[in-house]
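The values are calculated or read from the model by the stated rules, or taken from the named source; none is laboratory data. Just so it is clear, the structure is predicted and the values come from calculations on it, not from any experiment. Counting neighbours? That spans all protein chains shown, and the Cβs are built from the backbone with ideal geometry, glycine included.
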Amino acid sequence: MPTRTGYRQFRGTLAAILSCWGLHAAVGLRVEKSQTGVTIETTYYVAVLAKEKGMTFQSLTDRRTRRTMRVQYSGLTVAEERERPTWTNAAFGQPKRHLEARATPDFELTGGPNTATLVSTWSNAAVDVRKALTFTAGSAVIDMTCTVKVKRALEDLSYTLDVNDTVLSRVGRFYPGAERYTARMPVEAVYARAPTYSYCTDGKAGVGLLASGRDDIETVAHMTYTPSLRRTHLAAYTRPLRWDTTPHEVKLNVGIIVGLPADDVAALHRARNPALPAVQVTKFNVTHLIQRTDEEGQATVELTNHTPAAQPVTLGARITGGITATRGLKTRAYQIPANSSLQVPLTWPNEQEYGFELLVDVHSADGTLLDSAREYFAVADHFVKVAQTTVWNAGWMRYDWLTPAMVRKAKESYVGIIEYYCWAPDQVFDLTPDTETWEPHTESQGAYRTELSRTFLRGVVDSAHANGMRVLAMDTGFASLPGALDHPKRVKYTRDGQIYLYNGNIHNGKRFNAVGAYVHEPELTKAWAEEMCASVDMFGWDGVRFDWNFIPVAPQDPLHMAGKDKEENIYARANRQAWYTWDGRSAHDLFPNPDQTGAELCRIYRQTVAEKYPDFIYNVNYSVNHGLFDKYPEYSAVNTKDSGILMESLLNTYSTYPTWQAWAKVLTDALSVIRPQGAQPFVGWMRGYAPGGIAHRNMQYIMMASGFRWYGSYGARHSLDDTYKRFRHATRFAEFFYDPDFNRIKAPETRVEVTGGGSDRVLWRPFVFERTRTKHRELLVHLLNLPQDDHIIMHHDTPAAKQDLVVTAKWESTSLPTSCWLLTPDPHPQATRLTWARKPDGTVAIRIPELVSLGSVVLVGEGGQ
């Protein structure tokens, strides 16, 4: 039976504590022990700590409702650095993680009539940990303070509290904001920067975390897991730790809140953070990430009053596009009630294309600046000019409950295009399923079995559109085996009359295959295009991403098409091997000029779709660097015109293109081929890096400077994966990364020289561009501050900022430049005016006081076409 005793202090291991416990009940605080752990009870909660979990929480009971929430996991998570100190010709794996609940700590307990503090200490090869949990009578907060001595390089530390509670999982809302948010895993959670809190309550019971921001805690995250798990996730994360020199010390202070109404938690947050501004911008949302030129821009600003008195304020807003072209919106006055929030709408007309910053600032009645916030959006009718891309597939993204979280995460990371991968019952013959649910022909040609619904897919597209994002239907151009059997005259055959199977699998005794489709006649191509139009009618697609080519005598997978390496590429041999029609005719006999045939069929498809959907967009998978423009020039011109071009062949930065210089060269060489076509290149699916590392950051900077877009994953805003910072910069200054009128200068040394301190570790030669327009000229040079090693996939220390660089440029105009700017991403996208001088030899010397990471020099003047 449990025992209760009075004040006492003792030290020892857990076994000693459980055998020697001697606290008796006092007013407002009670401590009990059992064979399995310890129970601490206050006015607000009952906390049970389990011996088998290293004396971390087993359950938390909200005493107001007498509801017990089982704790799935609580405690520290230590993530060791996954980056290796040297290049090894291999990608990074996953980090080694140490969980507090699996540790075997020692303990020290101190207590009195109104407080009890449990101190635990444990060590391993990576860390020495001292953690204190303080329980106070009359308080709903359990204060966790932790000091960690770090002995090995870490990515980060976090404190997690995962509770299993059916009601919270189904109807609980997270405060501040009263939002529902359900996702699959913590990397998809909502992260907020400290000082902040996250509290989940159903209006009755509740639990949450509170962080002051006065230690190494940088963010607090929350989400509800997959509904079947009935689990609510709360976590507090440190800043990134991979660049701290070991040994070093990290401090974490987190308040664990149990049993309060949501309004009381907000009051507690204000009381613990007296430095909060009187009025703060707590939410800021531009309705559409990508806007059309003819639409009205819209945004919503949430202003929160942290004081017990009403606050009169004025809200100003201004939009900046181009480099520094700014226009103000009307300043308005508002009265915000005490301890309340106010939603303020903003609208504006769009006047030009590319990227913009929307800045809002809040002033008190006497003109004092209280707070400000920035958001970013883009304007383009041809949306591939401004958007990064991600991919969702039917293997995991198939639940209605997941759509809001995934759309929000993508938008907050400035990802504007979603490609939905391998979704159709048949990717040639059936893009319009006639039943509500169906089994799609999945990726990798039958890799797995799953189910989709029309309601779900339409919901994905509608949700994306409501947030100013676009959705592409992925199409491999392969038929399914059932589709092939239903359309025997419209598939390819081998010489001996067998259906030409590309790939496949067997699930539960049933065969799944991809079959080469025969669409190489005008009427068949037209029928396929009409099926796509009907699919747009059904689902609302904005475009298609073809993993396909129309060339009749070539491997169907674009990665395996014949090029300069065709003798070594076993797949490329297929262009010398005939396939046959159902009646035995050879493709080589039918199509003596495959380049011309492919171009004509591609034109027919696009013209057919354009008759109904003139703004339909094409992303195509095409290995530009493998000589395809030489081998298939007519088809390449038609296929890439104004399209997005995915180049999967260029993604390997850990082996094939392992240095900054090699990767930049192959990207910019490809850009030089396709940019004259008005094409917009993508690279990916990107992999092998550690989120948030210098390798990851510089890969994205090189991609942007090369005129490419990311095709890959991204983390939640404010998480360790800080992709959103680069994509934010790419959105704001999209014009200077992606405008096809910027032509690359292939002999940069004839036009530009970079000198000054540390210039030998600045990458710039691949990134010299020029744009000439009527009476207008710009010279553009992207400069990237490199770390000490040229290999990409390895650990890099943050390179020291380069000081006093000089860019000397040959200005090919009789008129002088009119201005010069440096575009930089941190702490937010901004343009800084640079000083320059004309030298006696006619060149222009531009001084850059400091280069931290990426800097884009834009020299502007007259003397265009």
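What to note about this one:
- Within the range 828-840, residues that are surrounded by 18 or more Cβ atoms within 10 Å (Cβ to Cβ) reach partners that are outside any strand (DSSP E or B) with beta carbons closer than 7 Å, at six or more positions or on different chains, in the pairs PRO829/ARG728; PRO829/HIS729; PRO829/ARG732; PRO829/PHE733; ALA831/ILE323; ALA831/THR324.
- Selected residue [over 28 Å from SER413 (Cβ atoms), at pLDDT 95 or above and surrounded by fewer than 19 Cβ atoms within 10 Å (Cβ to Cβ)] from THR134, THR104: THR134
- Of the criteria (1) over 30 Å from LEU402 (Cβ atoms); (2) assigned to a helix (DSSP H, G or I); (3) among the small types (Gly, Ala, Ser), which one ALA101 fails: (1)
- Inter-residue pairs, beta-carbon under 7 Å, first assigned by TED's automatic domain parsing to the domain that holds ARG180 and under 18 Å from PRO95 (Cα atoms) and in the range 229-246, second surrounded by fewer than 16 Cβ atoms within 10 Å (Cβ to Cβ) and charged (D, E, K, R), 6+ apart: TRP243/ASP797; THR246/LYS151; THR246/ARG152
- Here the condition is being of a type in the set (Gly, Ala, Ser), buried (at least 17 other Cβ atoms within 10 Å of the Cβ) and not in a strand (DSSP E or B); of SER139, SER120, it holds for SER139 alone.
- Subset of the range 498-537 [outside any strand (DSSP E or B), of a type outside the set (S, T, N, Q) and more than 36 Å from the chain's Cα centre (by Cα)]: TYR500, GLY509, TYR518, VAL519, HIS520, GLU521, PRO522, GLU523, LEU524, LYS526, ALA527
- When PHE682, PHE736 are checked against the criterion of being surrounded by 24 or more Cβ atoms within 10 Å (Cβ to Cβ), in a helix (DSSP H, G or I) and out of contact with any helix residue (DSSP H, G or I) (no Cβ under 6 Å at 6 or more places or on another chain), PHE736 stands alone in meeting it.
- Candidate set from the range 236-259 (those that are buried (at least 23 other Cβ atoms within 10 Å of the Cβ) and of a type in the set (A, V, I, L, M)); member that is nearest to the chain's Cα centre (by Cα): ALA236
- Test: ILE257 is of a type in the set (Val, Ile, Thr) and either touching a Gly at 6+ places or on another chain (Cβ under 7 Å) or in the same structural domain as ASP143 (by TED's automatic domain parsing) (or both): yes
- Residue, farthest from PRO440 (Cα to Cα), within the range 341-393, restricted to residues that are buried (at least 20 other Cβ atoms within 10 Å of the Cβ) and of a type in the set (Phe, Trp, Tyr): PHE356
- Breaking point among (1) in contact (Cβ under 8 Å) with a residue 40 or more places away in the chain; (2) in contact with a Phe, Trp or Tyr (Cβ under 7 Å, 6 or more places away or on another chain), for TYR225: (2)
- Within the range 163-177, tally of residues that are within 24 Å of the chain's Cα centre (by Cα) and either small (Gly, Ala, Ser) or crowded, with 20+ Cβ neighbours inside 10 Å (or both): 3
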